[in-house]
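J.: Pasting a structure here, questions to come.
What follows is calculated from the coordinates using simple rules that are stated; it is not laboratory data. Only a predicted model underlies this, so the values are computations on that prediction, with no experimental measurement involved. Cβ sites come from the backbone with ideal geometry, for glycine too, and all protein chains shown count toward neighbours.
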Amino acid sequence: MSAYKEKKLFTPGPLCVSEEVKRAMLVDLGSRDKQFMQCVEEVRCGLLKVAEVSPEDYTCVPLQGSGTYCIEAVIQTISPAGKGKVLVLANGAYGRRMVSICERAGVSVRKVEGPEHLPIPLNRVEDTLQSEGGWSLVCVVHCETSTGVINPVQEVTKLVQRYCPDSAVLVDAMSSFGAVPVDMSGVDYLVSSANKCLEGVPGFSFAICRLTHLLSCRGQCRVLSLDLAEQHVSLQTTGQFRFTPPTHSIIAFNTALALFWKEGGVQGRAARYKKNKEIIVSGMEKLGYRRLVPPEHDGHIITAFLYPQHRAFNFTTFYEKLSERGQVIYPGKVTEALCFRVGNIGHLFPDDMHALLRDVESVMREMGLPVPLQ
Ligand SMILES: Cc1ncc(COP(=O)(O)O)c(C=O)c1O
């Protein structure tokens, strides 16, 4: 029995997880315990299977910490001091975060920007790659969770192969991995974390890395704890993390992976999330809300809704009244428009989406908003 009141999380993470995943954590194992090392191995192999890549070509390197740690680890590990040259495709907050990571690390960086409510403009990417060479890394976000826009990863990798084949490609697939397929053929690094579409608990993130590229980067990382190449070598040779691993989180994740396969893998999970999203979008539209992203570019992960143009609307009140009812939505993260976000990933089902819609309607009435909005 918890001291805290559990709520439904309609957020980009951490997310609701199943009872089975929570129960799986109720065991203490040492980091050198053979059972734990076996579990780490299963998780690493399982994640390669989710990515549909072979262990001959790729390695999965889990790392303590949230997703940003692993993005930072990839950039630090593969950008040689004074030599790295990174191009970031940024149409939202998570793309811009990769720019900040490079700046902090003293890595030369340039960005190709686009409007936040649309996919990254491929013509601008092409122009940049055509007019300037020497990139060591091109970074793109798969689902830009600040808006829900899905970026054309495959087209980007094709452009990189055409104009700058020596460059590595990093895909931030934090909020999409496991629910939106990614063609890995042109991808050298893909990063995601335990507490997103694979429905584990927070505690670690992971990179699926092209083996030859990662091994060519040994000795480059300026941050000991973020050295992905050394983390890989340690896992391969000793079966262990270099520093204290999040044991409970990894053990829970192995159960989360089993449930993922039981649901039908990427297709099965995508089908439930699509259904969730359809319910929320059509219900919110009936209540008079409009979404930021055109439907053809909006994935099935999260939806950004524009603030209603009504003086009775106040996001903090709206959020708090929903939270009192046990429903947690998320603030907006775009500079172009005032929005809030409703996520539909995690251990959420159509009934949860219908319950949220009922509560949104009751909060609107309580706040004195017209139903539907005019
Ligand atoms: C696309 C994307 N990138 C990066 C992050 C950052 O991940 P974290 O908060 O786990 O560090 C998130 C978090 O939601 C995300 O959605």
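J.: Mind listing the long-range amide H neighbours of Tyr58? Cut-off is under 5 Å, sequence gap 5 or more, other chains count too, H placed in the peptide plane at 1.01 Å from N.
T.: Leu211
J.: Can you pull the one-decimal nm distance between simple spin-label points at Ser282 and Glu296, each 7 Å off the Cα toward Cβ?
T.: Those two pseudo-labels are separated by 2.2 nm.
J.: Under 5 Å between amide H atoms, partner at least 5 residues away or on a different chain: which partners does Ala168 have, H built in plane at 1.01 Å?
T.: Leu137, Val138
J.: On C-alpha positions alone, give me the angle between the axis of helix 228-238 and the longest principal axis of the chain, in degrees, nearest 10.
T.: Between helix and principal axis, roughly 70 degrees.
J.: Show me, for the stretch 99-109, the HN-Hα J-couplings you get by feeding each phi into the Karplus relation (A = 6.51, B = -1.76, C = 1.60, θ = phi - 60°), rounded to Hz, glycine and proline as x.
T.: For the stretch 99-109, the Karplus-derived couplings read 4, 4, 4, 5, 4, 4, 7, x, 9, 4, 9 Hz, x marking Gly and Pro.
J.: Roughly how tilted is helix 67-78, in degrees to the nearest 10 and between 0 and 90, from the longest Cα axis of the chain?
T.: So the inclination is approximately 30 degrees.
J.: So for Asp57, Asp352, fewest C-beta neighbours within 10 Å to most, what's the order? Show your work: numbers first, answer last.
T.: Numbers: Asp57 13, Asp352 20.
Fewest-to-most ranking of Asp57, Asp352: Asp57, Asp352.
J.: How large is ³J(HN,Hα), in whole Hz, for each residue of the stretch 23-34 in order, when computed from phi with the Karplus curve 6.51 cos²θ - 1.76 cosθ + 1.60 and θ = phi - 60°, using x for Gly and Pro?
T.: In residue order, the calculated couplings are 5, 4, 6, 7, 8, 9, 10, x, 5, 9, 5, 4 Hz.
J.: For the chain, take the longest principal axis of its alpha carbons; what is the angle in degrees between that and the long axis of helix 265-286, to the nearest 10 within 0 to 90?
T.: Tilt of helix 265-286: around 30 degrees.
J.: Further, regarding this structure: Most fluctuating residue of Glu20, Glu144, Glu113 in a GNM of the chain with Cα springs under 10 Å: which is it?
T.: Top of the fluctuation ranking is Glu20.
J.: Let me ask you something else. What are the ³J(HN,Hα) couplings of the stretch 241-249, residue after residue, when phi is run through the Karplus curve with 6.51, -1.76, 1.60 and θ = phi - 60°? Round to Hz, x for glycine and proline.
T.: Rounded to whole hertz, the list is 5, 6, 10, 2, x, x, 3, 5, 5.
J.: Between Thr317, Thr303, Thr157, which gets the highest mean-square fluctuation from a Gaussian network model of the chain, Cα cutoff 10 Å?
T.: Thr317
J.: Setting aside same-chain residues fewer than 8 positions from Lys321, which aspartates and glutamates have a Cα under 13 Å from its Cα?
T.: Asp359, Glu361, Glu366
J.: For Lys49 and Thr212, compute 0.36 nm times the residue count separating them, minus their Cα-Cα distance, and round to one decimal in nm.
T.: Full-extension gain reported as 56.8 nm.
J.: Can I ask one more? Could you work out how much longer the chain between Lys275 and Leu224 gets when fully extended? Use 0.36 nm per residue separation minus the Cα distance between them, nm to one decimal.
T.: Roughly 14.0 nm would be gained on extension.
J.: Would you work out which of Gly265, Tyr307, Val86 lies farthest towards the positive end of the dipole of the chain? Charges go on Cβ: Lys and Arg +1, Asp and Glu -1.
T.: Selected residue: Tyr307.
J.: When only alpha-carbon atoms are used, what values of Rg and Dmax, in angstrom, describe the chain?
T.: 20.9, 63
J.: Please give every one of the aspartates and glutamates within straight-line cross-link reach of Lys85, meaning a C-alpha to C-alpha distance under 14 Å, and leave out same-chain neighbours fewer than 8 residues apart.
T.: In chain and number order, the partners are Glu103, Glu132, Asp166.
J.: List the residues, sorted by chain then number, that are 5 or more residues from Lys111 or on another chain and whose placed amide H is less than 5 Å from its amide H.
T.: Distant-sequence amide H within range of Lys111: Val88.
J.: Here's something else I'd like to know. If the elastic network links every pair of Cα atoms under 10 Å, which of Leu87, Leu170, Leu338 fluctuates the most in the Gaussian network model of the chain?
T.: Greatest mean-square fluctuation among the candidates belongs to Leu338.
J.: Greater than 22 Å separation of Cα atoms is the criterion. Which listed pairs, Lys7/Lys196; Lys5/Lys275; Lys196/Lys333; Lys8/Lys274; Lys196/Lys262, meet it?
T.: The pairs that break the limit, which is 22 Å between Cα atoms, are Lys5/Lys275.
J.: Would you mind calculating the gained length between Ser234 and Phe315 on full extension (0.36 nm times residue separation, minus the Cα-Cα distance), in nm to one decimal? Provide the component values of the computation, followed by the final result.
T.: Values: separation 81, 0.36 × 81 = 29.16 nm, distance 4.73 nm.
Gain on stretching Ser234 to Phe315: 24.4 nm.
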